[in-house]
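**Student:** Could you have a look at this structure, given as structure tokens, before my questions?
The values are calculated or read from the model by the stated rules, or taken from the named source; none is laboratory data. Keep in mind that what you see is a predicted model, and the values were worked out from it rather than measured. Cβ coordinates were reconstructed from backbone atoms using ideal geometry, including for glycine residues, and neighbour counts include every protein chain displayed.
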Amino acid sequence: MLNLLLQNIPMSTSPLQAKKATQAIFLVCGLGISSWAPMVPYAKDRLGLNNADLGLLLLLLGGGAIAMMPVSGIFAHRYGTRIVIKVAALIMAVTLPLLLLISSPIGMGIALFVFGSAVGVVDVAMNAHGVQVQNSLGKPVMSSLHGLFSVGGLFGSLGLGFLMKTGLSPVAAAVSIAVLLILIVFWNYRFLFDVRTEKEFIDKYSEMNENSPAGRVSWLKWSVVFLGLMCFSVFLSEGAMLDWSAIFLRDNKGIHPELAGMGYAAFSVAMATMRLLGDKIVSRLSGRTVVIGGSLIAAAGLCLAIFTPWVIASLAGFVLLGIGAANIVPVFFSEGGRLKNIPATIAIPVITTIGYAGQLAGPALLGFIAYHLSLNAAFLFIAGLMLLVALSYGFKKS
């Protein structure tokens, strides 16, 4: 039925071309946000910040993303996701080197807010475009798209340190990454669906799905909020790796600053691998097993990273965290799309917004914990949240 529908929609590019281009955009987003991870120690030292002050700045990064996520949906509906991706990715790339140049906390806060806003817009637009690509192909592709985001996270976290090892200054390395991001976006821009194709497809696809639940529905139901809170905990662990892993390895494990990005890289490798295999894993195991087992593995990995005296073992702990956490959120999203009497169009955005609050704003909370207690205590707090996910989901009614 879906293939017959697509035959009546003239497309500016083929679905396969659009899929490859969308994969490239997911890669760009992963590269852009993860390149910030090894910059954090340099920014902290340059501005003379303590952990609490740094946490406040990181809150602005997350605040910018969360503030722009709802607005980006309006822009994408009016102008199309393709142009929104292009503009936001350009802003993200241009802002990236500024994070190593600005010398005042206020200026850094503004830059982080703009950078976070651009990341949030790209994230929403690329996922919306990915849904259109998935519908056009008639088969699941979202797991592979998110796998490319994790691959970008790997190369972004290592790229800055590698370029500095070749003799480039941190700023020159950041500029090089920014230029690469711009080139990838501009090359793949023409292969994304244009706004006319998107609107025609959405209109016709909506005609096939008029069987939404009758009556008034509300997102303010415990089943939706519960999944959102569970996503918050898992996303917070990802945000911790992005914003705090480099500082943790440098200050607590004595690793050289140029190699501090290895923690996020190890986490990203594990997560990318598991996400690329995620569809097969979930089909063989139940979603319940993936969530409970994954949460326990993630908590164990964090405890290993905290309590071991060896750097290699800490990196192994980050790998376990990536393995355990990789496929939990996809299970939550799938369950959110199957909730009774709550359309997926209402449940999924709410769950996503609550979840991303953990990834983008949660690390600020860790900054306060690290300031008043220690960074080890902050990481132990995350391990406790992962245990809570396992227990809560284990006792949840099916």
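**Student:** Of the numbered conditions (1) outside any helix (DSSP H, G or I); (2) without any contact (Cβ under 8 Å) to a residue 24 or more places away in the chain, Ile255 satisfies every one except a single condition; which is it?
**Tutor:** Status for Ile255: all satisfied but (2).
**Student:** Based on what the data block shows, is Ala214 farther than 19 Å from Leu16 by Cα, among the aliphatic types (A, V, I, L, M) and modelled with pLDDT of 75 or more?
**Tutor:** Details: farther than 19 Å from Leu16 by Cα: yes; among the aliphatic types (A, V, I, L, M): yes; modelled with pLDDT of 75 or more: no.
For Ala214, the condition - farther than 19 Å from Leu16 by Cα, among the aliphatic types (A, V, I, L, M) and modelled with pLDDT of 75 or more - is not met.
**Student:** While we're here: Right, Ser144: hydroxyl-bearing (Ser, Thr, Tyr) and closer than 26 Å to Ala325 by Cβ or not?
**Tutor:** Numbers: hydroxyl-bearing (Ser, Thr, Tyr): yes; closer than 26 Å to Ala325 by Cβ: yes.
Criteria met by Ser144.
**Student:** Quick check: anything in the range 184-191 of a type in the set (A, V, I, L, M, F, W, C), within 18 Å of Gln17 (Cβ to Cβ), at pLDDT below 75 and assigned to a helix (DSSP H, G or I)?
**Tutor:** Kept after step one, since they are of a type in the set (A, V, I, L, M, F, W, C), are these residues of the range 184-191: 184-187, 191.
Still in the running and within 18 Å of Gln17 (Cβ to Cβ): 184-187, 191.
Pick out the ones that are also at pLDDT below 75 and you get none.
No - not one qualifying residue is present in the range 184-191.
**Student:** Give me the residue from the range 235-283 that is among the β-branched types (Val, Ile, Thr) and farther than 22 Å from Leu27 by Cα and, out of that set, surrounded by the most Cβ atoms within 10 Å (Cβ to Cβ). Step through it out loud before you land on a result.
**Tutor:** Step one: filter the range 235-283 for residues among the β-branched types (Val, Ile, Thr), giving 247, 255, 269, 273, 281-282.
Adding the requirement that they be farther than 22 Å from Leu27 by Cα leaves 247, 255, 281-282.
Details: Ile247: 21, Ile255: 19, Ile281: 17, Val282: 17.
Taking the candidates together, the pick is Ile247.
**Student:** Could you list all residues from the range 27-38 that are part of a helix (DSSP H, G or I) and either modelled with pLDDT of 85 or more or within 15 Å of the chain's Cα centre (by Cα) (or both)? Steps first, answer last, please.
**Tutor:** Restricting attention to the range 27-38, the residues satisfying the condition of being part of a helix (DSSP H, G or I) are 27-34, 37-38.
Matches in the range 27-38: Leu27, Val28, Cys29, Gly30, Leu31, Gly32, Ile33, Ser34, Ala37.
**Student:** Now, a different point. Given the criterion surrounded by fewer than 23 Cβ atoms within 10 Å (Cβ to Cβ), part of a helix (DSSP H, G or I) and within 16 Å of the chain's Cα centre (by Cα), identify the matching residue among Ala24, Ala52.
**Tutor:** Details: Ala52 fails: within 16 Å of the chain's Cα centre (by Cα).
Residue meeting the stated conditions: Ala24.
**Student:** Looking at the range 67-96, which of its residues are buried (at least 18 other Cβ atoms within 10 Å of the Cβ) and within 18 Å of Gln359 (Cβ to Cβ)?
**Tutor:** Correct list: Met68, Met69, Ser72, Ala88, Met92.
**Student:** Now a separate question. How about the range 301-398: which helices (runs of 4 or more DSSP H) wholly inside it have at least 3 residues that are at pLDDT below 85 and outside the structural domain of Leu58 (by TED's automatic domain parsing)? Before the answer, list the steps.
**Tutor:** Numbers: elements: 311-325, 328-336, 344-360, 362-372, 375-395.
Correct list: 328-336, 344-360, 362-372.
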